[in-house]
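Scroll down for the structure; my scribbles are underneath it.
The values are calculated or read from the model by the stated rules, or taken from the named source; none is laboratory data. Just so we're clear, the structure is a prediction, and the values are computed from it rather than from any experiment. When we count neighbours, we look across all protein chains shown, and the Cβ atoms used for this are built from the backbone with ideal geometry, even at glycine. Areas reflect the complete protein model, heavy atoms only, side chains present, ligands, DNA and RNA absent. Shrake-Rupley method; radii C 1.70, N 1.55, O 1.52, S 1.80 Å.
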Amino acid sequence: MAGTHKNLCETHIVSVDCSEVFLPLAHPGCAILRETSVSLAGISTLRTRYEIGRLDPRFHVLLLTTGGRAKLWTETGEHCLQPGGFTLLPAGHIYRYHLDGKFWDVAWLHLLDRKRWQVIKKSPIRIGSIKNESEILFAMKSIIREGHSHAVGSRRLTQLHSESLLLYLDRLLENHLVPPANPYEEHLRGLWHDVERDLAHPWTVPRLAQRLHVAPGHLNRLVRDLCGSTPMRVVTTLRMKRAETLLRHTPLPIFQIAELVGYADPFAFSTAYKRATGRSPSAERKAAGLRGPL
């Protein structure tokens, strides 16, 4: 042991009756795993005593408990690791885990702190249940079996199972680490669709908020977070896009186009259009080579 931090210390204890089988990452069929910064991986059956403590790990660790149980200590407290669960320990976090009971069966991977795994870097320590544990375990066992085989096609099978393992890992990370889409995102798309269908309507923030069944202040925050704008700026953008289409592809008078996109005053429309596009409605029409009543 070397160094301490509160109740945690750098530890690596493995009793002689522990059994660990490592993925043959040097095998040509495992090239994709090496290229994606999988530095070490294996399947372990742990007995008697097993204890790992890290104060400043430079790699991420994924643990998949398939049998028995273990205890994990982190700066946030104590956790129990049980079958059907995964544990994700990002680089830089302090932790210690050890056998808790008669045995602990675990599949594990060390992932280097590289761009490929940046979603893990941004995550806190995660403990949860996993639906595709059997697929990951099957892929790892298949890599071990085919990677040590000299049978026909073993290299190709090792490569295929390596690719499958990465896909299952991506699925796990997407399900548990990628932030879910804002539930209002789809509602906002519907709102903008309604606005586009009736650009002549006198839209205001309160009216838009009422259509979405939220408070005006909440609507402002949603549009800022999801669109990087304000509600009325989005409305104006939609109006100007429609106006551009009408100016360039129809002979409608400018005052009528102004009314169709929500401007009772054609001068206010002209001012807004020039501010948005850099040229007047008449210049837009002229640039398109279209003549029409002004």
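Can you list the aspartates and glutamates whose alpha carbon sits under 18 Å from that of LYS131, skipping same-chain ones fewer than 8 residues off?
Partners within reach: ASP105, ASP170, GLU174.
Using the 2.2 N^0.38 Å rule of thumb for compact globular proteins, work out how the range 125-230 stacks up: its C-alpha Rg over that value, please. Please report the intermediate quantities before stating the final value.
Details: Rg = 24.3 Å, N = 106, 2.2 N^0.38 = 12.9 Å.
Cα-based Rg divided by the globular estimate yields 1.87.
Based on the Kirkwood radius over alpha-carbon pairs, what is the Stokes-Einstein translational diffusion coefficient of the range 62-135 at 10 °C with 1.306 mPa s viscosity, in µm²/s? Walk me through the numbers on the way to the answer.
Numbers: Rh = 12.8 Å.
Diffusion coefficient, whole number: 124 µm²/s.
So, by mean Cβ neighbours within 10 angstrom, what's the order for 59-66, 198-205, 279-286 with the highest one leading? Can you show the working numbers first?
Numbers: 59-66: 21.9, 198-205: 13.8, 279-286: 17.0.
Order by mean packing, descending: 59-66, 279-286, 198-205.
Given the options LEU88, LEU166, LEU222, state which has the largest fluctuation in a GNM of the chain using a 10 Å cut-off (strictly under) for Cα springs.
Greatest mean-square fluctuation among the candidates belongs to LEU222.
As an exercise, find the ratio Rg/Rh for the range 183-294 from alpha-carbon atoms, using the Kirkwood inverse-distance average for Rh. Could the numbers behind the result be given before it?
Working: Rg = 15.1 Å, Rh = 14.7 Å.
When Rh is taken as the Kirkwood radius, the ratio is 1.03.
Loop-only check: which GluC sites (Glu not before Pro) in the range 33-78 are DSSP coil with at most 15 other Cβ within 10 angstrom? Don't skip to the answer; put the middle values down first.
On the way: sites: GLU35, GLU51, GLU75, GLU78; in loops: GLU75.
Qualifying residues, ordered by number: GLU75.
Just need the relative contact order of the range 61-150 here, percent rounded to a whole number, with Cα pairs under 8 Å and 6+ apart. It would help to have the intermediate numbers written out before the result.
Details: 145 pairs, mean separation 29.6, N = 90.
Worked out over the range 61-150, it gives 33 percent.
At a 1.4 Å probe radius, which order do THR237, THR74 fall into by accessible area, largest first?
Details: THR237 70, THR74 15 Å².
Ranked list, largest accessible area first: THR237, THR74.
As a check on your grasp of the helix formula, calculate [θ] at 222 nm for the chain: sum -39500 (n - 2.57) over DSSP H runs of n ≥ 4, divide by the residue count, round to the nearest 500.
That calculation yields -13000 deg cm²/dmol at 222 nm.
Please state the Cα pair-distance histogram of the chain with 5 angstrom bins from zero: what percent is in each bin?
Histogram of Cα-Cα distances, whole percents per bin: 1, 5, 10, 11, 10, 9, 7, 5, 5, 6, 7, 7, 6, 5, 3, 2, 1, 0, 0.
Give me the Debye-computed log₁₀ of I(q)/I(0) at q = 0.17, 0.24 Å⁻¹ for the range 11-86, equal point scatterers on Cα only, no solvent, two decimals.
-0.85, -1.34
Of LYS71, LYS122, which has the most accessible area and how do the rest follow, probe 1.4 Å? List each step's numbers first, then the result.
Working: LYS71 45, LYS122 165 Å².
Listed by decreasing accessible area, they come as LYS122, LYS71.
At a Cα cut-off below 16 Å, give the lysines reachable from LYS274, other chains included and same-chain residues fewer than 8 away excluded.
LYS241, LYS286
Got a number for carbon plus sulfur as a percent of the range 1-94's accessible area, 1.4 Å probe? Don't skip to the end; give the middle numbers.
Working: 2280 of 4460 Å².
For the range 1-94, the apolar C and S fraction of the accessible surface comes to 51 percent.
Give me the 1.4 Å probe accessible area per residue for the chain, excluding ligands and nucleic acids, in Å². Provide the component values of the computation, followed by the final result.
Values: 16160 Å² over 294 residues.
For the chain, the per-residue accessible area is 55 Å².
Using 1/(1 + (r/R0)^6) with R0 = 35 angstrom and r between the beta carbons of ARG171 and THR204, what's the FRET efficiency to the nearest 0.05? Don't skip to the end; give the middle numbers.
On the way: r = 44 Å, r/R0 = 1.26.
Once the sixth-power term is evaluated, E becomes 0.20.
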